Amino acid sequence: MWQIDPVSLRHFIAVCEEGTITRASEREFIAPSAISKRIADIEAAIGTPLLIRSKRGVEPTPAGQALLRHARQLMRSMERLQGELSEYAEGARGHVRVLANISSIMEFLPEDLSEFLLANENIQVDIEERFSPDVVRGVAEGNADLGICRQSMAVGDLEFIPYRTDQLAVVVNHKHPLADLDCIRFAETLDYEHLGLSAFATLNGFMQRVAREQGRELRFRSYVSSFDAANRLVQAGLGLVIFPQEAVSRYTDLFGLRVIPLLDDWAKGQFVICVRDVDSLSLSARRLLNHLLARVPVRAGANQAALSISDGDGCSRE
């Protein structure tokens, strides 16, 4: 029976993820020959090849794919074990890794996390910004404990927990022809040039498809890489932009902007928290998950978004 060696498993995972032994050795800070020998020892012990080697690199055989799947599970379990044991030790620090899309970071996550960190001084939380599909992929591959993304990305074997909602709105400056409206439908914006945020590429593509279905064209005058740049261009009168109103509300006074909620059904968005297995989370990760869910205002969800349109601005357009 082959004795499982965690170090060899970690090196094998690195080789499969990097595609070459050379890149894996750089990632693991070990000589390529040492990694090759460890993998050769595993192949000799189990009696079957694990890698297909070529001039372009390596890829796992069917046996290698099985080992990779179980190796990732074993390494995650060992990380959880070490993490939980360390949390029981007096003075030990918990560590939670979070992947989040840009919308959640701009709209609500910093406030939610700041309260958690103040109440849990011995827990470190690392946040990395990713596009929603990459959030799901990263959590599935064990690169993070929690992920925050759009519900539309909730596919696969992960657990997806409803989290927060947001509402898309049209942002214009106070001189724009639409500035006096209290609410608006997407079709009404198509007579004007839009600005696109690169981080919202999925939303931009979706809106272009909706416009085509209506026999119209969505014209993007420019693409920008940040909320700040988009707000400045709107302020200068170079176009309108469609953002979650929760992300832009704090900038309205600073840039002299008008925020007009969209009435279209698809303008209401849902965020989810994704995890591999809630029951297998470390104590620190479970504590953070519970805190984030407790921060959701009365779990009102879509009802709050509806109120922000119909009651907040007195808008009753059909």
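Descriptive notes on the structure:
- Which listed residue is of a type in the set (A, V, I, L, M), more than 30 Å from GLY94 (Cα to Cα) and surrounded by fewer than 16 Cβ atoms within 10 Å (Cβ to Cβ), from ALA199, ALA169, ALA211, ALA187: ALA187
- From the options TYR223, TYR251, residue that is surrounded by 14 or more Cβ atoms within 10 Å (Cβ to Cβ), out of contact with any Gly (no Cβ under 7 Å at 6 or more places or on another chain) and among the hydroxyl-bearing types (Ser, Thr, Tyr): TYR251
- When residues of the stretch 24-52 are limited to those that are among the basic types (Lys, Arg) and in contact with an Asp or Glu (Cβ under 9 Å, 6 or more places away or on another chain), the one modelled with the lowest pLDDT: ARG27
- Scanning the stretch 1-46 for residues that are within 19 Å of GLU59 (Cβ to Cβ) and not in a helix (DSSP H, G or I) returns GLY19, THR20.
- Condition met for LEU263 (over 25 Å from ILE105 (Cβ atoms) and assigned by TED's automatic domain parsing to the domain that holds MET153): yes
- Some residue of the stretch 210-223 being in the same structural domain as ARG295 (by TED's automatic domain parsing), under 10 Å from VAL171 (Cβ atoms), at pLDDT 90 or above and outside any loop (DSSP other than H, G, I, E, B): no
- Among the residues making up the stretch 101-127, a single one is surrounded by 15 or more Cβ atoms within 10 Å (Cβ to Cβ), more than 19 Å from PRO297 (Cα to Cα) and free of Cβ contacts under 8 Å to residues at least 40 places away in the same chain: ILE127.
- Qualifying residue in the stretch 256-266 (condition: buried (at least 17 other Cβ atoms within 10 Å of the Cβ) and in a helix (DSSP H, G or I)): no
- Test: residue in the stretch 140-163 that is touching a Phe, Trp or Tyr at 6+ places or on another chain (Cβ under 7 Å), of a type in the set (A, V, I, L, M) and under 30 Å from SER77 (Cβ atoms): yes
- Number of the exception - GLY94 against (1) more than 30 Å from SER249 (Cα to Cα); (2) at pLDDT 85 or above: (2)
- One residue stands out among those in the stretch 113-153 that are hydroxyl-bearing (Ser, Thr, Tyr) and at pLDDT below 90: the one that is nearest to the chain's Cα centre (by Cα), which is SER132.
- Once the stretch 234-245 is narrowed to residues that are surrounded by 21 or more Cβ atoms within 10 Å (Cβ to Cβ) and in a helix (DSSP H, G or I), the residue that is modelled with the highest pLDDT is VAL234.
- Criterion (at negative phi and loosely packed, with under 13 Cβ neighbours inside 10 Å) met by exactly one of ALA31, ALA24, ALA14: ALA31
The values are calculated or read from the model by the stated rules, or taken from the named source; none is laboratory data. Everything numeric here is computed off the predicted structure, so don't read it as measured data. No Cβ is skipped: glycine too gets one built from the backbone with ideal geometry, and neighbour counts run over all protein chains shown.
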